[in-house]
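Read the structure below first, then the notes.
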Amino acid sequence: MMTSRGSQAVILGLIGLTLVKLLVASVWGWTNDIPQTLVQAKAFLESPHILRPSVPSIFPLGYYVLATAPLVASLWTGLSYAFWIKVPAILADLVIALALRVMPRGGDRVAFLYMVNPVSFLLAVYHGQLHTAATAGAVLAYWYAERRQDVRAAVALGLAASVRQHFGLLILPLVLARRPRWRSLLLSFALVVVLANLTLLGTYRTGIMASPVWAYGAWGYGMLLLQGPRLLSVLGVSWMASVTAGVNHALQLHGPKLYWIWTALFWGWTWHRHQRRQASDLWRSALVFLLGLYAISPGFGVQWLIWALPFWLLVNRREAVRYSILAGLFLAGSYWQWSLNAKYGVESITANLSLLQRVDLIGVFLVGVCGLLTWLFYVRATWRLARALPSTPFG
């Protein structure tokens, strides 16, 4: 057992790494997501009614609170919004690491691997996104559930869903795992979710609650269908674009429905195991759901890479490390690729591959290969985990 002095040293180390992240975040640049979030924050802050934002709402209330608080902090302190919007993710990383450290299957090594992970580091100190805060809520929810603190678990998951809606779909495994006390858990969750989604009233779009916001063609089979013909066109093969045009249009139009299909499959699979008096490990169940979202998605946002990381470190540390290296390369490569838009004066570098110099074209191709390999890694992991979940009787 670790001594009190050793325990304090680990905690101080994690806090020290957090201070390093804050320092790096203050001097590093930003992605296009930060100006976009700033526009949303200003519209929300200046809205005549908190439940009727000045711009159409596609996120619940928690997102807007986290997006607007850095704007208020920026106005008070004079420090840039680009710095303050990174703070929620950096602090959420610390919360996740501290939680991982004290979990039975976690520990100091797991907490350290999460804290210095290239995925968590780059997304926190550079990107300026709120997905990490939502992930922290989901991690805390499942940790509270393990400790039989049902109301806290429900509130934490509801708050996670108030930042990124799809995390709310993890409620079913929680309810089934805590079957004797499911009513208090479900009612507490429902109350938080209803309050957090008032901003969506009147602006609800079909599929939005199950569908993360994604860019088509940046990922997996969607990338092959959209970017593959573009690359072949540069090489002189132009007929492929007409062959895939219909499929690309259909996926862009109906892509959100795929998330509902996966949700139905996941819930059906979870319920089937429950009916057979089998209980799935909560952490593995959550990991299967999140990896399945990655695998089935026709589009992507690199911010998603953080969702599965803490769950994966708890379920299979070695595989999580391999994933982190591959995903970290894809993430860093994506940031480099985005810088080419300004270099060539275009909105989308992948839509203008013919303009690229040879070295840049090779670089973009390699980034695409990293993305495709990461997607294939997810597909394989989802299949293996879904089939290999251990079964134990319900208590």
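Tabulated data for the structure shown
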read-out	value
Residues of the stretch 70-111 satisfying the condition of being touching a Gly at 6+ places or on another chain (Cβ under 7 Å), part of a helix (DSSP H, G or I) and within 29 Å of Ala320 (Cα to Cα)	Leu100, Arg101
Matching residues in the stretch 23-46 - criterion: being open to solvent by less than 60 Å² (accessible area, probe 1.4 Å) and of a type in the set (Asp, Glu)	Asp33
Residue count, the stretch 122-168 (criterion: on the phi > 0 side of the Ramachandran plot and open to solvent by 10 Å² or more (accessible area, probe 1.4 Å))	1
Looking only at the stretch 271-287, and only at residues there that are modelled with pLDDT of 85 or more and not aromatic (Phe, Trp, Tyr), the one that is nearest to Val175 (Cα to Cα)	Leu282
Enumeration of residues in the stretch 95-119 that are free of Cβ contacts under 8 Å to residues at least 12 places away in the same chain and either under 22 Å from Ala196 (Cα atoms) or open to solvent by less than 40 Å² (accessible area, probe 1.4 Å) (or both)	Gly107
Of all residues making up the stretch 11-22, the number that are surrounded by 16 or more Cβ atoms within 10 Å (Cβ to Cβ) and without any contact (Cβ under 8 Å) to a residue 60 or more places away in the chain	0
Selection count where residues are surrounded by fewer than 16 Cβ atoms within 10 Å (Cβ to Cβ) and among the aromatic types (Phe, Trp, Tyr), scope the stretch 224-265	2
Subset of the stretch 325-348 [in contact (Cβ under 8 Å) with a residue 60 or more places away in the chain and either in contact with a Lys or Arg (Cβ under 7 Å, 6 or more places away or on another chain) or β-branched (Val, Ile, Thr) (or both)]	Ile325
Number of positions in the stretch 340-372 that are out of contact with any helix residue (DSSP H, G or I) (no Cβ under 6 Å at 6 or more places or on another chain) and open to solvent by 30 Å² or more (accessible area, probe 1.4 Å)	17
Selection status of Gln337, at pLDDT below 95, of a type outside the set (Gly, Ala, Ser), open to solvent by 10 Å² or more (accessible area, probe 1.4 Å) and within 13 Å of the chain's Cα centre (by Cα)	no
Any hit, the stretch 322-344, residues being touching a His at 6+ places or on another chain (Cβ under 9 Å) and at negative phi	yes
Residue count, the stretch 197-220 (criterion: part of a helix (DSSP H, G or I) and at pLDDT 80 or above)	1
Enumeration of residues in the stretch 13-54 that are among the acidic types (Asp, Glu) and either over 20 Å from Leu331 (Cα atoms) or at pLDDT 95 or above (or both)	Glu46
Helices (runs of 4 or more DSSP H) contained in the stretch 252-368 and holding at least 3 residues of a type in the set (Phe, Trp, Tyr)	282-296, 317-344
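Per-residue answers, yes or no, for (1) modelled with pLDDT under 90; (2) in contact with a Phe, Trp or Tyr (Cβ under 9 Å, 6 or more places away or on another chain); (3) among the small types (Gly, Ala, Ser); (4) within 30 Å of Trp269 (Cβ to Cβ):
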{"site": "Leu291", "(1), (2), (3), (4)": "no, yes, no, yes"}
{"site": "Tyr294", "(1), (2), (3), (4)": "no, yes, no, yes"}
{"site": "Leu313", "(1), (2), (3), (4)": "no, yes, no, yes"}
{"site": "Ser324", "(1), (2), (3), (4)": "no, yes, yes, yes"}
{"site": "Ser354", "(1), (2), (3), (4)": "yes, no, yes, no"}
{"site": "Val359", "(1), (2), (3), (4)": "no, no, no, no"}
{"site": "Thr382", "(1), (2), (3), (4)": "no, yes, no, yes"}
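The values are calculated or read from the model by the stated rules, or taken from the named source; none is laboratory data. Keep in mind the model is a prediction, meaning the values are calculated, not measured. Positions of Cβ are backbone-derived with ideal geometry, glycine not excepted, and every protein chain shown enters the neighbour counts. Surface accessibility is based on the protein's heavy atoms, side chains included, excluding ligands, DNA and RNA. Shrake-Rupley method; radii C 1.70, N 1.55, O 1.52, S 1.80 Å.
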